[in-house]
Amino acid sequence: MKIFKAEPLHYHRFDDAHLGPLDRLFLKREIDGQDFNRRMFEEDFAGIFNYANRHSGRLFDVTSSNEEISARLFSNVETRYGPHPVDETVREWVEDIAQSLVRFGAAYYFLKDDAEGNDIHIASFGPSGVAHLFGTYFQWVPMRTERHWDRDDEEIPREVRILDSTKVMCFLTPKAIKRMLSRQNRTLTVIDKHQFGVASFQPQVTHENPSPTNHFDFSAWRDTQERALYRSTRATGWNGRKYDSSKRSDFFDCHRLIRFRRSQLVLRDDILSQLSAELSRVGKGYSGKFAVEISGTDKLPSVAHLNELEARLTREEAGFTEIIDYCLKR
C-alpha cells in the first residue's frame, strides 16, 4: 500500500478494483436493481430548480470582496454542461451538489491551479473512501486495474492519498434533512427489496392443472405497499410519482407538494450557505481577506412563501392551481 500526498483520484470504477475486507471498511458499493424507489426519489429530490426559471431573469445575487478572484473561481467549475455565466454555473453547481448529498450524504470538490493560464479548475471527486481526520482529508483508493490501448493493462496497488485541505471543498447534508432521509430510506429499502415478491404467490402451472386458481388478493398487496410508501415519505412529501390515484384528495396532494418543495428549498438554501462559506475559505488562499456571498433572488421560490401558502390552504383561502403553479413552475 502506498501512502503519499497527491490530488484526489477523480474517477475510479469499483468494477476494476480488487476489493478486500479492509477496502470494504472505507468503501460502499452500490447494489443495482434493489433500490428502485430510492433512486427515483433521489432523482426527484435533487431536481431543485425548475428549468423554466432559466429564462426568467437572474436567479442569484453574488457579492464578492474581490471580483477578480471570484471570476477565477467561477469560470472553471466542472459542471455537467460545461462553463457558463456565473448565474447558470451556480444553478448547475448547486444541483450537482444536491445529487451527491441526497445519494451519499457528502460532496467533494478539489481546486487545481493552472500555472500556464492563471486559472483555477474546480472538479468533483467521489465521496466514497474519503475521510477527514485531524484537519486532513484522506482518500482511500483500492487496488485497481488501469487499462491502456497501446500497452498491457497495469495493476495499481492500494493507495491512501493525503489531500491538500486548503484545496478541498466539502459539502454535507444538513442534519435535519439527513435524519429525515435516513428514516425514509429504511422503509424504502424494504419496499424495494420486496416489490416483486408478489410473484412468489403465483401458483405453479402443471400439466395436470394448466390454469390454477389463485386466491391471493393482489389489490391488497398493492394497497399495503402504497400505504407503506406514503407513510415512509410523510416527512419529505414525496408522492412516489403517483399522479392518478382516486384514493387521494386534492388537499392531500397539495399539502404533500408544499411539503416536498419546502424540503427541497431548505436543502437549496443550505447548499448556497455552504457554497458561500467554502468559496470564501478556499479564496483566502489567493487573498487573505477574500469573501463571497451567494443568495437567491426573488425569482426563486421561498420557504416563507410556501409556509404562507400552506396556512392559506388550511384556511381554504388558496386554490389548487395557485399552489401547483408556484411549486412546479417557479
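The figures follow:
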read-out	value
Relative intensity, log₁₀ I(q)/I(0), of the chain from a Debye sum that treats every alpha carbon as a point, q = 0.10, 0.12, 0.15 Å⁻¹	-0.75, -1.00, -1.30
Simple label model, 7 Å out from Cα along Cβ direction - residue 325 to residue 138, nm	5.7
Protein accessible area in region 111-154, 1.4 Å probe - carbon and sulfur %	51
Efficiency of FRET from Cβ geometry, residue 87 and residue 266, R₀ 30 Å, rounded to 0.05	0.90
Potential extension, residue 193-residue 58 segment - 0.36 nm per residue separation minus Cα distance	44.2 nm
Estimated FRET transfer efficiency when R0 is 25 angstrom, pair residue 242-residue 204 (beta carbons, to 0.05)	0.20
Length gained when the stretch residue 186-residue 148 is fully extended (0.36 nm per residue, less Cα-Cα span)	9.5 nm
Most to least accessible of 267, 172 (protein chains only, probe 1.4 Å)	172, 267
Where the chain is the region considered: accessible area per residue in Å², 1.4 Å probe	57
Where Cα atoms sit under 27 Å apart: lysine pairs in the chain separated by 8 or more or lying on different chains	28
Summed side-chain charge close to residue 161 - residues other than residue 161 whose Cβ falls under 15 Å, Lys, Arg +1, Asp, Glu -1	+2
Lys, Arg +1 and Asp, Glu -1 on Cβ, resulting dipole of the chain about Cα centre, debye, nearest 20	1280
Length released on extending from residue 165 to residue 216, taking residue separation times 0.36 nm less the Cα-Cα span	12.5 nm
Whole-angstrom Cα spans of region 91-223 along principal axes, big to small	78, 48, 31
For region 196-330, with +1 on Lys and Arg beta carbons and -1 on Asp and Glu, the positive-most of 203, 229, 305 along the dipole	305
Heavy atoms of residue 148 accessible to a 1.4 Å probe, total area in Å² rounded to 10	50
With DNA, RNA and ligands ignored, accessible area of residue 113 (1.4 Å probe; Å², nearest 10)	70
Whole-Å distance, taken between Cα centres, linking region 222-249 and region 57-113	34
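The values are calculated or read from the model by the stated rules, or taken from the named source; none is laboratory data. Since this is a predicted model, take the numbers as computed values, not measurements. Methodologically, a virtual Cβ is constructed for each residue, glycine included, from the backbone with ideal geometry; neighbour enumeration extends over all protein chains shown. Ligands, DNA and RNA are stripped out before the accessible areas are found, and what is left, the full protein with its side chains, is counted by its heavy atoms. Shrake-Rupley method; radii C 1.70, N 1.55, O 1.52, S 1.80 Å.
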